[in-house]
Structure formats: structure tokens, C-alpha cells
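Values in this text are rule-based calculations from the coordinates and carry no lab data. Every value quoted in this text rests on a predicted model; they were computed, and no experiment measured them. Note that we place each Cβ from the backbone using ideal geometry, even for glycine, and neighbour counts take in every protein chain shown.
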């Protein structure tokens, strides 16, 4: 399977095309309060709660890491929700993010300077699995208007990224030596 990878520097292209060392980072590197470029406020957030409490953040503070908590909410005598199950936490790990399509728009919005087409993402995942000593997950990202999130379920505000990801839970950043021919250059910006 082929995917597109947008790179921060022109100099990074050579390692992907001709072989060389490339860094991979944790999801927390891409978390920021502002949704801009590669950054999102809900990166590495897992939220499987049965109710969206965000609109009531002035009335109730739930904290950042809550597992299997039942919450009821009444505002001005009106019951909003009873016994909602709250499951919301952060989960970090190694991530590799691709796009499903070649796009100068995506490159510009991500503030990237080059695009390569990775010729075999399954092979790349196998190389990373062997390097880190565990099997990661990979999948197409889905986008939602709801509060629910995971490493492959993102805000619809990020849908322009048209993303495909690989993720290894609790794995630290790495540098990996790629063999030649993993990718081909698509364009410089």
C-alpha cells in the first residue's frame, strides 16, 4: 500500500529515497492548545465517554484522566444527564502519520516543504516493529463531530489531513536507518 509523507525539510527527502536515518516521534509532540499545522489540542486523547461534557465545562470539572466514572449533571434544576459513563485519558506512544493523497494543499497547511510517496507502508511498519520490539497498529483515520477520540478517530476539523497512521503504545521516539527505495520524491514546495 502506498501513502504520502510530508516532510519538514528538503534535506529529509534523501533518507527516504536513497536510504538513511530518519526520526519518529511520540504523539505528545503534536499536541498543542491551538489547532494549527501538525498540532491539535486532542492529540493522544482517548475519549470513549457516553456523554459529551465539554459544553458544561463551566459547571463541572472532570479532570484529564478518568476511567469508568459515573457522572450525573443537573443545571438550574434541570437534569442534563444521569449516570453517564466517563472514560477519558491520554495515551502516548510512537506515531507515524501519512496522507492518503498527494496534495500541495495538505503540504502547505501542514507547513511542510516536501512530499514523498512511501511505496510500501506494510514494509515500513515491519521495519519499525522489529526496531522497537513490538507490533504497532495501522489504520485509516476517521473523523467525527462527536467528543469521542482515539489515535485513529479525530476531530472533523482535521479531516483535511486525510490521514493514515501507525501507532505503537508506550514506545519512545526512535531514529531508524531506512534502506534505499522506501519512497520516491513527489514534489518540493
Subject >> Antiparallel DSSP beta bridges within the chain, percent to nearest 5 >> reply: 90 percent
Original post:
222 nm [θ] for the chain, helices only, -39500 (n - 2.57) per DSSP H run of 4+, per residue, to 500?
Top reply: -3500 deg cm²/dmol
Original post:
In whole Å and largest first, what semi-axes does the C-alpha gyration tensor of the chain yield when each eigenvalue is scaled by 5 and square-rooted?
Top reply: 37, 18, 12
Subject >> In degrees, nearest ten, helix 121-132 long axis to first principal axis of the chain (Cα) >> reply: 80 degrees
Original post:
When N is the residue count of segment 19-104, what does its C-alpha Rg come to as a fraction of 2.2 N^0.38 Å?
Top reply: 1.48
**OP:** Describe numerically, in nm with one decimal, the distance between label points set 7 Å from Cα along Cα→Cβ at residue 58 and at residue 123.
**Re:** 5.7 nm
Subject >> Sites residue 31 and residue 105, calculated FRET efficiency, Cβ-Cβ separation with R0 30 Å, nearest 0.05 >> reply: 0.80
Original post:
Taking 0.36 nm per residue of separation and subtracting the Cα-Cα distance, what length does fully extending residue 130 through residue 14 add?
Top reply: 39.5 nm
Original post:
What nm distance separates the two modelled labels at residue 137 and residue 78, each placed 7 Å from Cα along Cα→Cβ?
Top reply: 3.7 nm
Subject >> Relative contact order (%) - criterion: Cα under 8 Å, at least six apart; region: the chain >> reply: 36 percent
Subject >> Range of Cα positions in segment 99-189 per principal axis (Å), largest first >> reply: 38, 33, 19
Original post:
Using the alpha-carbon centroid of each, what span in Å lies between segment 1-61 and segment 114-173?
Top reply: 9 Å
